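Worksheet: the structure to be examined is printed underneath.
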Amino acid sequence: MPRAGIVTVVGKPNVGKSTLLNRIVGQKLSITSPKPQSTRDRVVGIYTADDSQMVILDTPGLLNPGYLLQQAMRSTALRALDEADVIVYLADATEGRPPSLAEAAELAVPPRAPVITVLNKSDAIPVSRRDEAGAGEELVYVSALTGDGIPELMARIAGNLPESPFLYPEDDISTQPVRFFAAELVRETVLEQVHDEVPYAVAVQVEEFREDRSPLYIRAVIYVERDSQKAIIIGSKGAQIRSIGEAARKKIEAFLGARVYLDLWVKVLANWRKNPGSLSRFGYQLATGKSK
C-alpha cells in the first residue's frame, strides 16, 4: 500500500526550512535569504518516489509577533501544524539541543502528528559535538545545504506517513500557481539587493500574467509603505529597479524554462503590514481566535 500525507516543516526563523524544502523537492520553490522572516506564507512542495508521496509545507519561522503581518505568519505556521500527518521540527545544530516543539511554538497541547526533530547545518559542527545535544536521543542530523543526512530523514518521514493513495499526480511539484512563485522570486531579489528595513516593508503582487505572448509577459507591482522606501527601490535614475528587474527576470526564466518580459512597478501602500484589509489583499490570513 502506498503512503502519502502532509509533511509540515516548522522551526524558528533562519534554521533552513526553505533550503530543506528545495533540497527534498530538487527544485527551488521557496525563496532563501540570510535575512530572517523571508518566508511569509506556506510554500507547498510535492515529492513523489517509489511508493510514497510527501506534500511538504514550508512555513514562516516561529516567532513572537510584533505586528499584524507577523501574527498572520504565526497563524499560518500553526494551521500547518494542525494539518500535518508528519511534522519535521527543524532547529540549528550549532545551537545545541533545541527546546521541544510545544515550547518553541508555545502550543497549549502537543501536536497530534508524529514529530521528527531535525538538527540542520550539521556541516557547521564537528561530529563530536553531536553528543552535546543528547546522546542516544531521537535526533536526525542533516545539512540541507550539502544534502548530508537527507536520505535518512526522507526514510524516517516516509515511514511515518499514513497508508494512502497518492494525493496528487506523480509529476506535480507544487499546488501553487506560477504567479505565486514569480512574485516570490521578485521579492527574493529585493531581499538580496536592498538592505536595512526596506525589504521587510515590501510585498509583491503579480497583476498580469500573459502566457499567450512571446516572451511571456508578467506585470508585477512592488508595494512599499513609504515614499522614501519607493525612492530606494527605484534608485537614482531608475538604476535599482532595473537591477532588480534584470536579476528577477533571469530567476523566473530559469524557473519557467521560457523567455520572460518582466514589467516592474513600485507603489506605496501605507502601513500595509499593520492593516487587516491590505494583508487580506495580499492573501495573508489572520488568526481566528484559536488558542496558541
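The values are calculated or read from the model by the stated rules, or taken from the named source; none is laboratory data. Treat the numbers as computed from the prediction; the structure is a model and nothing was measured. Because the Cβ atoms are built from the backbone with ideal geometry, glycine has one as well, and the counts that use them run over all protein chains shown.
The table below lists the values:
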{"read-out": "Any hit, the range 4-27, residues being closer than 22 Å to Glu103 by Cα, among the hydroxyl-bearing types (Ser, Thr, Tyr) and in a strand (DSSP E or B)", "value": "yes"}
{"read-out": "Among the residues listed as Glu95, Glu106, the single one being modelled with pLDDT under 95, within 20 Å of Glu138 (Cβ to Cβ) and among the acidic types (Asp, Glu)", "value": "Glu95"}
{"read-out": "Failed item, numbered, when Pro199 is tested on (1) in a strand (DSSP E or B); (2) within 29 Å of Gly66 (Cα to Cα)", "value": "(1)"}
{"read-out": "Single match in Glu188, Glu170 (criterion: closer than 17 Å to Gly45 by Cβ, of a type in the set (D, E, K, R) and surrounded by fewer than 14 Cβ atoms within 10 Å (Cβ to Cβ))", "value": "Glu170"}
{"read-out": "Any hit, the range 130-145, residues being closer than 30 Å to Ala4 by Cα, among the β-branched types (Val, Ile, Thr) and in the same structural domain as Arg23 (by TED's automatic domain parsing)", "value": "yes"}
{"read-out": "Check on Val140, of a type in the set (Val, Ile, Thr), in contact with an Asp or Glu (Cβ under 8 Å, 6 or more places away or on another chain) and at negative phi", "value": "yes"}
{"read-out": "Candidates Thr59, Thr94 - the one that is among the hydroxyl-bearing types (Ser, Thr, Tyr) and surrounded by fewer than 16 Cβ atoms within 10 Å (Cβ to Cβ)", "value": "Thr94"}
{"read-out": "Selection count where residues are on the phi > 0 side of the Ramachandran plot and either exposed (fewer than 15 other Cβ atoms within 10 Å of the Cβ) or at pLDDT below 95 (or both), scope the range 234-292", "value": "6"}
{"read-out": "Boolean, Pro65 is closer than 22 Å to Ser18 by Cβ and either in the same structural domain as Trp272 (by TED's automatic domain parsing) or within 21 Å of the chain's Cα centre (by Cα) (or both)", "value": "yes"}
{"read-out": "Test for Glu225: is it within 21 Å of Thr39 (Cβ to Cβ) and charged (D, E, K, R)", "value": "yes"}
